Amino acid sequence: MTIGSLLGFLFYKIPLAKKSLFALGGITSMLSIIILLYGSIFGREQFEVKPIIYKNEKIPTSFNHYKIVQISDLHLGSWFDRKKPIKKMVDLVNQQNPDLIIFTGDLVNHKADEITPYETILSQLKAKDGVYSILGNHDYAPYYKHWKGPEDLHNNLLMLQEKQRKMGWILLNNEHIFISNGKDSIALIGVENDGEPPFAQYGDLKKASDHP
């Protein structure tokens, strides 16, 4: 008996109701795979702006209409040196004419040299009050198992920080700065990644927000 005949025989023996469920399950699985592949290959390049209006009576009125653009989780190692999508993202951000840009972690998957092909492009991000960043869990490279030792891992983190500095980004590691507008100011507080055990906990909100 051939494989085709065997499958036909087995399918023939399945009751009609089970056949329908079997077929429906197969279609659902196939659609899930197609959607997953589309999202992985094409969907991630469909950058979009999601406007959020935040109101708080404690914010000085001089900061009314102050525009902050937040970016996160670029995971540059996953773009395989494809610069066009990253340039598209940078252009979209700059088109918003932001007062402030904040990057909230996971610039890389593991290694700082993932940034290298994109340094020039990412340095083109522009905002009136600058570009600020914090580190995400992947930026500390805890999942990469091929470091020669703790010093190698530490040097990777130092390189990542240096590359951000060269791009004109200001990294806030458990620290804060004040952004002024006339006589008023607001605090921008940057807290390092704070994961649940067994992941390392670097965040220190008290240290980040303490004002000497």
Scalar couplings 3J(HN,Hα) for segment 138-147 by Karplus 6.51 cos²θ - 1.76 cosθ + 1.60 (θ = phi - 60°), nearest whole Hz, x for Gly and Pro, are 5, 5, 7, 6, x, 8, 8, 9, 10, 5
With the charge dipole of segment 58-112 built from beta-carbon charges (+1 for Lys and Arg, -1 for Asp and Glu) about the Cα centre, the Cα from V69, I59, I86 projecting farthest to the positive end belongs to I86
Treating only Lys and Arg (+1) and Asp and Glu (-1) as charged, each at its beta carbon, one finds that segment 52-209 has a dipole about its Cα centre, in Debye to the nearest 20, of 520
When all Cα-Cα pair distances of segment 52-209 are considered, the percent exceeding 28 Å is 25
Most exposed to least, judged by fewest other Cβ atoms within 10 Å, Y143, Y118, Y54, Y66 sort to Y54, Y143, Y66, Y118
Pseudo-spin-label distance N109 to S209, built 7 Å along Cα→Cβ, given in nm, is 3.7
For the K67, Q201 Cβ pair and Förster radius 25 Å, calculated FRET efficiency rounded to 0.05 is 0.15
Listed with the fewest Cβ neighbours within 10 Å leading, E192, E151, E119 appear as E151, E119, E192
Counted neighbours (other Cβ, 10 Å), sorted fewest up, put I71, I170 in the order I170, I71
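FYI, it's all coordinate maths here, none of it is from the lab. Computed from a predicted model, the values in this text were never measured in an experiment. Positions of Cβ are generated from backbone atoms using ideal geometry, with glycine treated the same way; all protein chains shown enter the neighbour counts.
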